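First up is the structure itself, then whatever we jot down about it.
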2 protein chains.
Amino acid sequence: LEVWDSTIKKGLNLDMTRGKPASEQLDLIKPLLLDTSLAEDYRSEDNTDCRNYGNLDGLSELKRFFAQYLDVTPDNVLIGGNSSLSLMHDTMASLCLFGAANSDGKNHVPWNKDDSKKVKFLCPVPGYDRHFSLCEKFGIEMIPVPLKEDGPDLSIIKPLVATDATVKGIWCVPKYSNPTGIVYSADVIKELAAMPTAANDFRIFWDNAYQAHHLYDRKLTILDVLTECARAGNPDRVFIYGSTSKITFPGAGIAVMASSPNNLKWFKKLLFAQTIGPDKINQLRHIRFLKNMSNLEDLMNKHAAIMRPKFASFSNTVKAFLGPEFTGLFCSEPQGGYFINLTLGDNLSAQKIVSLANQCGLKLTPAGATHPYGKDPDDATIRIAPSMPVLADITKAARIVALCCVIAKRKLDV
Amino acid sequence: LEVWDSTIKKGLNLDMTRGKPASEQLDLIKPLLLDTSLAEDYRSEDNTDCRNYGNLDGLSELKRFFAQYLDVTPDNVLIGGNSSLSLMHDTMASLCLFGAANSDGKNHVPWNKDDSKKVKFLCPVPGYDRHFSLCEKFGIEMIPVPLKEDGPDLSIIKPLVATDATVKGIWCVPKYSNPTGIVYSADVIKELAAMPTAANDFRIFWDNAYQAHHLYDRKLTILDVLTECARAGNPDRVFIYGSTSKITFPGAGIAVMASSPNNLKWFKKLLFAQTIGPDKINQLRHIRFLKNMSNLEDLMNKHAAIMRPKFASFSNTVKAFLGPEFTGLFCSEPQGGYFINLTLGDNLSAQKIVSLANQCGLKLTPAGATHPYGKDPDDATIRIAPSMPVLADITKAARIVALCCVIAKRKLDV
């Protein structure tokens, strides 16, 4: 309790709620802000004046770059604005309002057409709160599905999608998943691509946010889901998303979507009414900075070098502090991505611990945010975002989290 | 006919379909691409690191700037992405899916809720094809209303909106209207703000695209529609839109929306699920370039100096060429904006003339594009976009248009 009192007195003021890059990482991108080449050389490779209107789906040099990045072909790629979340939003809005693309060039029935048959989505948990917010916005009912070490639990998913035609899709973060950091196995990806679904407009939202965001030298790869879907006879099943939000600048980066030619045609037709085109100046600025895959790898190695000690420090500090008393507590050790996941066990309440940490001036992602409707039935998951604070603060934060666990476990009254 | 043959032979290749700024205008914006200050000085006035996530509705310095620009207060302003069309799209999508904001904090019935009662929109004609595309996308029935010299014909509008609750809104380009160039009078604006409507969720889409886009020293102003709506007891009636697409760079500029606090709260709540935030780097870049209203005025004067001779050349050439034979033909002489409008008369067919011009290598906006569903019942309107080509080409284009009129009128077989 003395430790607690002194911790409170120190009055830390630390926000670890969101997966934001650190200032030091953003400094790596400075050359992008120093590039004045665009003032004279504002044309893309097809001679488009990028200062003027036009080009709905992105410059061809960007499509090639992101095709390599996502391990697809350039014909499968659409370059968006500054936000992959917006691309996901607009896809879901279009599915609700206008229906999915059918193989005959027409659309399926819009998802919000029949109020009596509410559309449902599978949500692997723990997962990303922004995905859940999208479902909530469009009135899509969320069904939580456990996320295992190799992907979502197919023994639950397969019978559900095979029999219930109102189950229209699933959220997936296939690589360095938010927040557990797991990576989908080849078998899971093949099964998701091939499994029979009662809904013939079933769609996978494949948010590949951390494709190049490795923490260690061992760089994990995943199977190309688009090819697997096509091979299984479900070419239009998947929408893939990515962005440079955690490669260059969050909010001032480039978002990308990849899908089948049929799906892209459908999306572009709807997009045509929405915008004359994305920011091509920023596209050129990005391709001149990012250059190619080898240059990107160098950049991501630099990001990793900044992030790695923070991840290690948090995990090691928590484990050293807590000791064997906490048999049920599991602190994930991800190989990439932006989050550490604490699974509490030991009858500890995530809400209680987040609230205690808050008293010490440490803001954590609200307990429950990792689950649909903000409700974690076990109240046992805490998402830790160690990217933004400086290393010294991460160690402090880890000590506070561990201290809060001790206080909660010993039911000390603070 | 000899003139025709020699014109064909010259094989002009000129695109005057869209209101794009000329390359010379875009060169005015070069300093924005040469500004490297952001590499070191990336913070907004409230100390936000603009390289990172956050800020849903724009930096406060941008809000102040655009509040002055649109003649509203900063609290009424939301800064968007790169496209005002996207803001209009998202507003309309939200009205269709979720219903307009009500004064009690809840929403009205969504516009697409009841298929049997199709929502209708008033479309002053001639008007802007992108507005019509939005209505088409969302299945909103368009009712054309004549646009007069001082705004849309209120003698038609007022009885319609007073009695038909399915008439939910109207498109307005209040200043230097696309394509006729007319400016709404104070009386018309007051009546639009105050007129009784059967629909209590009636909305005006006020696309103020050319607020600062004067061609001459005489700079026309319009009444602040937001204040007029509030004064008339209809505070939530209007959404105002603008952008820097024709101030800085089309596609790489800043879009803005202004409305009542109640409407902005409603919009931001829906926007929250769609994006973490707009491109703040580009916002900072813009405010450092645009600075203030006086600097903006200087810039717009430079734009005007480039545009003015093109507008004059087109009108003068057409009129000189055609002479008094063409009693019904009217070539608009706008005081601002991006378009000249040809109203044909003399039983001339706009489709015929656009097609003849096309044979001469001059691409014009398709006849009918100025009307809902692409159908101009009189087939008498041609929108001319003189901004993009160089001056010498404008004169050639005007001669071709005039020649096509002569050929159509004399029913010559070419």
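The values are calculated or read from the model by the stated rules, or taken from the named source; none is laboratory data. Remember, predicted model here, so these are calculated numbers, not experimental data. Glycine also receives a Cβ, built like all others from the backbone with ideal geometry; neighbour counts cover every protein chain displayed. Quick note on the areas: whole protein, heavy atoms, side chains included, nothing else; ligands and nucleic acids left out. Shrake-Rupley method; radii C 1.70, N 1.55, O 1.52, S 1.80 Å.
For the range A:52-168, the Kirkwood estimate of the hydrodynamic radius, built from every pair of different alpha carbons, is 16.6 Å. Taking 0.890 mPa s as the viscosity and 25 °C as the temperature, the Stokes-Einstein diffusion coefficient of the range A:313-414 based on its alpha-carbon Kirkwood radius rounds to 180 µm²/s. Projected label points at B:Gln68 and B:Ala305, each 7 Å from Cα along the beta carbon direction, are separated by 2.2 nanometres.
Once the mean 1/r over all distinct Cα pairs of the range A:285-325 is inverted, what Kirkwood radius in angstroms do you read off?
On the way: mean 1/r = 0.0800 Å⁻¹.
Computed over the range A:285-325, the radius equals 12.5 Å.
Amide H contacts of A:Lys148 (H built 1.01 Å from N, in plane; Pro and chain starts excluded): A:Asp153 sit under 5 Å, all sequence-distant by 5 or more or on other chains. Both numbers refer to the Cα atoms of the range B:297-364; Rg and Dmax are 14.2, 44 Å.
For the protein assembly as shown, the extents of the C-alpha atoms along the principal axes are 100, 57, 56 Å, listed from largest to smallest. For A:Lys375, project a label point 7 Å along Cα to C-beta. Then give me every residue of the range A:144-166 with its amide nitrogen under 18 Å of that point. Answer for the range A:144-166: A:144-146.
For the range B:282-390, which trypsin sites (Lys or Arg not before Pro) are in a loop by DSSP, counting at most 16 other Cβ atoms within 10 Å? Write out the running numbers ahead of the final one.
Numbers: sites: B:Arg285, B:Arg288, B:Lys291, B:Lys302, B:Lys310, B:Lys319, B:Lys352, B:Lys363, B:Lys375, B:Arg383; in loops: B:Lys291, B:Lys375.
Qualifying residues, ordered by number: B:Lys291, B:Lys375.
Quick one: among B:Thr395, B:Thr227, B:Thr163, which has the greatest mean-square fluctuation in a GNM of chain B with alpha-carbon springs under 10 angstrom? Per the Cα network of chain B with a 10 Å cutoff, B:Thr163 tops the list.
The contact between chain B and chain A removes approximately 4800 Å² from the accessible area (both sides summed; 1.4 Å probe; ligands, DNA and RNA excluded). Each copy carries a label point for B:Ser23 at 7 Å from Cα along the beta-carbon vector; from one copy to the others these points are 4.4 nm apart, nearest first. Please find, in a Gaussian network model of chain B (springs between Cα atoms separated by less than 10 Å), the residue of B:Ile170, B:Ile382, B:Ile276 whose mean-square fluctuation is greatest. Top of the fluctuation ranking is B:Ile276. Here r is the Cβ-Cβ distance between A:Lys118 and A:Lys411 and R0 is 45 Å; the resulting FRET efficiency, rounded to 0.05, is 0.60.
Just to be sure I follow the definition: excluding the sites themselves, where is the longest run in chain B that has none of the GluC sites (Glu not before Pro) in a DSSP loop with at most 14 other Cβ atoms within 10 Å? It works out to B:150-414.
Using a ≥ b ≥ c from the Cα gyration tensor of the range B:81-133 (square roots of the eigenvalues), is it rounded, prolate or oblate, where a/c under 1.5 gives rounded and otherwise the larger of a/b and b/c decides, a/b for prolate?
On the way: a/c = 2.25, a/b = 1.35, b/c = 1.67.
Cα axes put the range B:81-133 in the oblate bin.
Highest mobility in the GNM of chain A, judged by mean-square fluctuation with C-alpha springs under 10 Å and restricted to A:Asn76, A:Asn208, A:Asn292, is found for A:Asn292.
Under a model in which nothing but the beta-carbon of Lys, Arg (+1) and Asp, Glu (-1) is charged, the range B:364-414 shows a dipole of about 160 debye around its Cα centre. Diffusion coefficient (Stokes-Einstein, Kirkwood radius over C-alpha pairs, 25 °C, 0.890 mPa s) for the range B:227-300: 170 µm²/s, rounded to a whole number. Selection among B:Gly58, B:Thr48, B:Leu34 by position relative to the dipole of the range B:1-63 gives B:Leu34 as farthest towards the positive end (Cβ unit charges, Cα centre).
Whole-percent P(r), the range A:98-167, all Cα pairs, 5 Å bins from 0: 4, 14, 21, 21, 21, 14, 5, 1.
Over all alpha-carbon pairs in the range B:178-279, figure out the percentage whose distance exceeds 16 Å.
On the way: 3367 of 5151 pairs.
Tail of the P(r) past 16 Å holds 65 percent of the pairs.
According to the Kirkwood relation over distinct C-alpha pairs, the hydrodynamic radius of the range A:1-114 is 19.4 Å.
For the range B:199-255, report the % of Cα-Cα distances exceeding 19 Å. Write out the running numbers ahead of the final one.
Numbers: 697 of 1596 pairs.
Result: 44 percent of Cα pairs exceed 19 Å.
A quarter of the convex hull surface defined by the alpha-carbon atoms of the range B:223-380 gives 14.1 nm² as the mean projection. Across the range B:78-89, computed HN-Hα scalar couplings (Karplus, 6.51 cos²θ - 1.76 cosθ + 1.60, θ = phi - 60°) run 10, 8, x, x, 9, 8, 5, 4, 5, 5, 5, 4 Hz from first to last residue, x flagging Gly and Pro. The string of couplings for the range A:253-269 from the Karplus curve (6.51, -1.76, 1.60, θ = phi - 60°) is x, 10, 9, 9, 9, 9, 6, 5, x, 5, 5, 5, 4, 4, 5, 5, 4 Hz, one whole number per residue in order, with x for Gly and Pro.
So what's the range B:48-109 giving for Rg/Rh, alpha carbon basis, Kirkwood Rh from the mean inverse pair distance? Display every interim value, and only then the final one.
On the way: Rg = 14.1 Å, Rh = 13.6 Å.
Using Cα coordinates only, the ratio equals 1.04.
Under a 5 Å amide H cut-off, with hydrogens placed 1.01 Å from N, A:Val167 pairs with A:Lys120 among residues at least 5 apart or on other chains.
Based on the Kirkwood radius over alpha-carbon pairs, what value in µm²/s does the Stokes-Einstein equation return for the translational diffusion coefficient of the range A:166-236 at 10 °C and 1.306 mPa s?
Values: Rh = 13.0 Å.
My calculation gives 123 µm²/s for D.
Listed by chain and number, the lysines placed with their C-alpha closer than 17 angstrom to that of B:Lys268 are A:Lys137, B:Lys63, B:Lys106, B:Lys280; residues fewer than eight positions away on the same chain are left out.
Given Cβ point charges of +1 (Lys, Arg) and -1 (Asp, Glu) and nothing else, what value in debye, to the nearest 20, does the dipole of the protein assembly as shown about its Cα centre take?
Working: 94 positive and 90 negative charges, 20 e Å.
The dipole of the protein assembly as shown has a size of about 100 debye.
Distance between the pseudo-spin-label points of B:Asp75 and B:Thr166 (7 Å out from Cα toward the beta carbon): 3.9 nm.
Sorted shortest first, the separations between the B:Pro146 label point and its copies elsewhere in the assembly read 7.3 nm; each point sits 7 Å from Cα along the Cα-to-Cβ line.
What is the projected area of the convex hull of the Cα atoms of the range B:373-414, averaged over all directions, in nm²? Write out the running numbers ahead of the final one.
Numbers: hull surface 17.1 nm².
Projected area, direction-averaged: 4.3 nm².
Based on the convex hull around the alpha carbon atoms, the range A:123-220 presents an average projected area of 6.2 nm².
Which value, in debye to the nearest 20, gives the size of the charge dipole of chain A about its Cα centre, when Lys and Arg are +1 and Asp and Glu are -1 at the Cβ? Before the final figure, lay out the partial values.
Numbers: 47 positive and 45 negative charges, 99 e Å.
Charge dipole, chain A, about its Cα centre: 480 debye, nearest 20.
How big is the Rg/Rh ratio for chain A, C-alpha atoms only, Rh by Kirkwood, two decimals?
Numbers: Rg = 22.2 Å, Rh = 22.5 Å.
Reported Rg/Rh (Cα atoms, Kirkwood Rh): 0.99.
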